[in-house]
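Step one of this worksheet: look at the structure below.
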Amino acid sequence: MKASYLSPAVGQYILAHSTQPDDLLDELAAETQQVAGSNAGMLISPDQGRFLTMITQLVRPELAVEVGTFTGYSSLCIARGLSGGRLRCFDVSEEWTSIARKYWEKAGVAARITLTLGPATESLRAMEDRIDLAFIDADKTNYPAYYELVMERLRPGGVVLVDNTLWDGYVADPSYEDDMTRTIREFNDLVMKDPRVTSVMLPIGDGLTMIRKN
């Protein structure tokens with residue numbers, strides 16, 4: 001359970017009363033833990049994965065975008081929720097995304113996904129397509145840039161999901177003034193002050209902010 005700001009008992013209760021990941025998602029999570037070591041913490045939690053699939057099913061995007069793919073857990077969850085649409089993924093790591101490609105093939109969703117390696121800011125600037133749904137979970141210092149580039153291309157009524165916005169709960173603790181905590185706080189404030197959107201911060205995983213373009 002990644003929601004360390006919740007009591008362990010509440011966290012386990014939430015997981016126990018959410019639809020469980022299937023064997024393939026469990027296999028992907030286990031391989032990530034084995035090969036990524038401490039970096040495995042970048043993996044989203046099972047409840048976040050289920051939520052991504054459900055939101056994708058509800059939004060029914062023609063084009064979904066993911067900024068930060070890692071080993072592919074979140075992209076697999078989004079792709080499984082598509083009904084005729086496609087997913088474009090942006091990441092910088094050939095090593096981690098090679099695992100993602102393997103599991104996209106195993107799940108039979110590889111044809112729905114296009115992966116572009118390189119800085120996501122450059123890839124997003126080159127996009128001319130309208131975005132219906134986006135998931136941002138990459139380097140936190142670039143969150144404002146990713147957010148703005150996505151918003152410029154997001155259709156009215158489109159949805160953006162942003163991960164790690166509670167940052168282990170540190171954002172709410174004034175005793176934490178490290179650079180990364182301040183970065184997340186500043187991004188959260190940016191979203192709250194944006195007149196183009198309606199947003200809600202959800203205590204799922206490490207904090208997941210759902211943003212709808214007005």
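Every number here is computed from the coordinates shown, using simple stated rules; none is lab data. Note that this is a predicted model, so its numbers are computed, not measured. Neighbour counts are summed over all protein chains in view; Cβ atoms, including those assigned to glycine, are modelled from backbone coordinates with ideal geometry.
One Cα centroid belongs to the stretch 1-60, the other to the stretch 163-199; the line between them spans 22 Å. Close amide H partners of residue 63, meaning residues 5 or more places away or on another chain with modelled amide H under 5 Å apart, are 86, 132, 133. Per residue, the convex hull spanned by the Cα atoms of the stretch 82-214 measures out at 124 cubic angstrom.
Sequence-ordered 3J(HN,Hα) estimates for the stretch 123-139 from the Karplus curve with 6.51, -1.76 and 1.60 and θ = phi - 60° stand at 5, 5, 4, 7, 6, 10, 6, 7, 9, 9, 8, 9, 10, 10, 7, 10, 4 Hz, glycine and proline given as x. For the stretch 145-155, backbone phi angles converted through the Karplus equation (6.51, -1.76, 1.60; θ = phi - 60°) give residue-by-residue couplings of 5, 4, 4, 5, 5, 5, 4, 5, 10, 7, 5 Hz, Gly and Pro being listed as x. Give the total of Lys-Lys pairs in the chain with Cα-Cα distances below 29 Å; include a pair only if its members are 8 or more places apart or on different chains. For the chain, qualifying lysine pairs total 9. For the stretch 60-77, backbone phi angles converted through the Karplus equation (6.51, -1.76, 1.60; θ = phi - 60°) give residue-by-residue couplings of 6, x, 6, 9, 10, 10, 10, 10, x, 9, 6, 9, x, 4, 5, 5, 5, 5 Hz, Gly and Pro being listed as x. Scoring 55-62, 44-51 by mean Cβ neighbours within 10 Å over their residues and listing the highest first yields 44-51, 55-62. Decide, for the stretch 1-75, between rounded, prolate and oblate: order the square roots of the alpha carbon gyration tensor eigenvalues as a ≥ b ≥ c, take rounded if a/c falls under 1.5, and otherwise choose prolate if a/b is larger than b/c, else oblate. Because a/c hits 1.5 or more and a/b fails to exceed b/c, the stretch 1-75 counts as oblate. An ellipsoid equivalent to the stretch 139-214, defined through the eigenvalues of its Cα gyration tensor, has semi-axes of 22, 13, 10 Å when rounded to whole angstrom and sorted largest first. With one equal scatterer per alpha carbon and no solvent term, the Debye-computed log10 I(q)/I(0) for the stretch 1-148 at 0.14, 0.15, 0.19, 0.22 1/Å reads -0.67, -0.77, -1.23, -1.55.
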